[in-house]
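Working notes, beginning with the structure itself.
Read-outs: derived from the displayed coordinates by stated rules, not from any lab. Quantities reported herein were computed from a predicted structural model and do not represent experimental measurements. So basically every Cβ, Gly included, is an ideal-geometry build from the backbone, and we count neighbours across all protein chains shown.
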């Protein structure tokens, strides 16, 4: 039996045995289906004033209209329709959340040797489980920025086709990396390293152009690049710049030629600035960006994806790190981790103070999947207003990711909606307790107000 067939069978079994789609996802025959959502308070476009006491009309997975007041089925004058109602007159409604940096095929307690021991038909179950947790935290769109092989592409497409329940996934595939770089494979004997090569390594401008083209051919929606070293690669090469300027220039040029946005994992100042000069659309982490780096962000118009929460989860001081969930890291990795204690929050505060464009990303996979909304709380903690934090995870993330039909609740946009009992503009922790989660008009969670 081929690997492809095994993956397809796994997805079918997953749907039957794990999390089947809710009844609202089933296609109706005969009558046209319309859902009317009553919203007491609705932040239709984060950044604008909330609306009060409105009806949101949903049809074919999209918002077809928004009316003042709480309308009846008769108001629609559509006798050939089957109309259902969702009552959230005592709730706060807003667009579904967007996370631009996740890794659903891994987790903080993952055994990395599983990729050697298990087939993709097993690993896709793990990825699906993590994606579902993320959806149930209210994140209706995510961007997966690093997954080896092809399993993430199958998961993306199965969700898109409503075979299984999950968030919309924007997929990078494997990160483009130099040989021996942060996105390469480390810590095994040479024969295994050769077997695990994923076609994502490149050296020199022409070879990097090839690598980008190959990842787009595989199905990548966005190109992820490891411009610098990173913490969780088992190699003592630091967190400094790893690609040359001409390599980064070529990668960005090729990605843009092929209609893809390109984002860089980058920690040290030199690597961040090299990616910005190359025309990268966004920078992930930007750990050691300083005032001059922030000025370059503003000059180029690039977006910052801070990924602040994982440091709180791992431990924001060396003492906490040594006792935390990553306490058993290999020494070469722990040395790098200890150096960045508390730095994401300091950097994000500086970026916000200097007016750099910020969009939400969590790096979930380092922190637990399903904890994604903690990133909103981090942003308020560094000085954002609750409205600015909500914008980062909706309208800003949509713009930064080039996502055209999400992030706002207006006619024509996807019916990606969350509801909560509290008002997050008054207390941002309200985002942690949702009573409604809808993606493309499909209700995945609906509990009492």
Modelled FRET efficiency - R0 41 Å, residue 118 with residue 421, Cβ distances, 0.05 increments: 0.50
Alpha carbon centroid spacing (whole Å) that separates region 258-303 from region 65-141: 30
Kirkwood hydrodynamic radius (C-alpha pairs) into Stokes-Einstein, region 32-190, 25 °C and 0.890 mPa s, D in µm²/s: 132
CD proxy at 222 nm, helix term only [per DSSP H run n ≥ 4: -39500 (n - 2.57); per residue of the chain; nearest 500]: -10000 deg cm²/dmol
Gain in span if fully extended, residue 354 to residue 448, counting 0.36 nm per residue against the direct Cα distance: 29.7 nm
Computed FRET value (nearest 0.05) for residue 70 with residue 189, which takes r as the C-beta separation and R₀ as 60 Å: 0.35
Inverse mean reciprocal Cα-Cα distance (Kirkwood Rh) of region 274-361, Å: 13.7
Rounded to whole Å, sorted largest first: equivalent-ellipsoid semi-axes of the chain, Cα gyration tensor: 37, 25, 20
Highest average packing first - 35-47, 202-214, 169-181, Cβ atoms within 10 Å: 169-181, 35-47, 202-214
Sites residue 90 and residue 160 - FRET efficiency at Förster radius 35 Å, r taken between beta-carbons, to 0.05: 0.55
Separation between Cα centres of region 209-227 and region 379-449, rounded to whole Å: 30
Gain upon complete extension [residue 388, residue 295; 0.36 nm per residue less C-alpha separation]: 31.5 nm
Taking only Cα atoms of region 118-270, radius of gyration then Dmax in Å: 15.8, 44
DSSP beta bridges in region 352-449 [antiparallel fraction, %, rounded to 5]: 90
DSSP beta bridges in the chain [antiparallel fraction, %, rounded to 5]: 45
Order by protection proxy (mean Cβ within 10 Å, highest first), peptides 378-389, 95-106, 147-158: 95-106, 147-158, 378-389
Length released on extending from residue 322 to residue 244, taking residue separation times 0.36 nm less the Cα-Cα span: 24.7 nm
